[in-house]
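Trainee: One structure coming up, written as structure tokens, with questions to follow.
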Amino acid sequence: MRIVIVSLIGMSYMAAQQTAPEPHHHTVYEDARVRIVDVQIEPRESVQPHRHDVAYVWVKSTGIHFSRAGINHAEGNHEVIVELLQTQTGPRNVCVEILAGEYLHCHEPGSEWIGVDFEIHFETDQTRVGILQLAPGGTLAVPPADVPPLLIALEGTEAEAVSHANGAPGHSIRRSVTSANVLRSSADQVTEIRNTGKTTARFLVVEFGGPGE
């Protein structure tokens with residue numbers, strides 16, 4: 001009986017790791033494809049090891065990382081997590097070694113990103129993830145798409161975004177953009193971003209496409 005009780009306690013603990021909400025996780029955006037979480041840890045606090053029920057990408061100062069579902073993980077402060085809510089197949093490195101020991105399959109972003117400092121680091125058959133950099137004072141227009149990309153401002157970014165309906169620049173919405181802010185334009189909108197800071201602005205870019213669409 002003692003062994004059974006211990007086993008049940010262990011199973012309950014594992015279930016709690018998977019399902020209990022992590023109080024340091026703050027959801028900043030969610031749709032049918034992704035849930036984006038900003039990790040905020042106060043001094044003298046820490047994140048306990050836990051599991052995500054889906055595959056996810058996270059970003060810390062050293063770059064992009066990927067994990068399949070069900071693996072214990074404890075994030076650091078100000079990390080950004082992108083949970084991939086739909087099934088992901090064929091994960092592979094693109095221009096950076098995210099999956100240790102696996103080959104790179106480096107290729108350029110789509111033609112809509114010509115002239116932009118954007119490098120794809122990792123992709124699945126359904127999702128592409130990379131880092132976009134914008135020099136101080138630099139500007140860019142987010143390319144239109146049937147399924148628009150998500151741009152997540154990374155730590156240290158100071159920028160401004162102006163959005164307006166395609167063909168109607170006189171009716172625009174202006175907003176400041178800082179760490180963990182998410183930019184997403186509808187397919188009929190144009191969004192222009194300007195780096196208002198003194199250092200390079202960095203964005204995690206998440207694009208969607210492939211067999212899963």
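Each value in this text was obtained by applying a stated rule to the coordinates, not by laboratory testing. Keep in mind it's a predicted model, so treat the numbers as computed, not measured. Note that we place each Cβ from the backbone using ideal geometry, even for glycine, and neighbour counts take in every protein chain shown.
Trainee: Kindly state, to the nearest 0.05, the FRET efficiency for I173 paired with H107, given R0 = 41 Å and r defined as their beta-carbon distance.
Mentor: E between I173 and H107, to the nearest 0.05, is 0.75.
Trainee: Oh, and also: With no solvent and one point on each alpha carbon, what is the Debye value of log10 I(q)/I(0) for segment 22-84 at q = 0.15, 0.21, 0.25 Å⁻¹?
Mentor: Here log10 of I(q) over I(0) equals -0.41, -0.83, -1.18.
Trainee: From the Cα trace of segment 65-167, what convex hull volume per residue do you get, rounded to a whole Å³?
Mentor: Numbers: hull volume 15.4 nm³, N = 103.
Enclosed volume per residue, from the Cα hull, is 150 Å³.
Trainee: Once both labels are modelled 7 Å past Cα along the beta-carbon direction, what's the V147-I71 spacing in nm?
Mentor: 2.3
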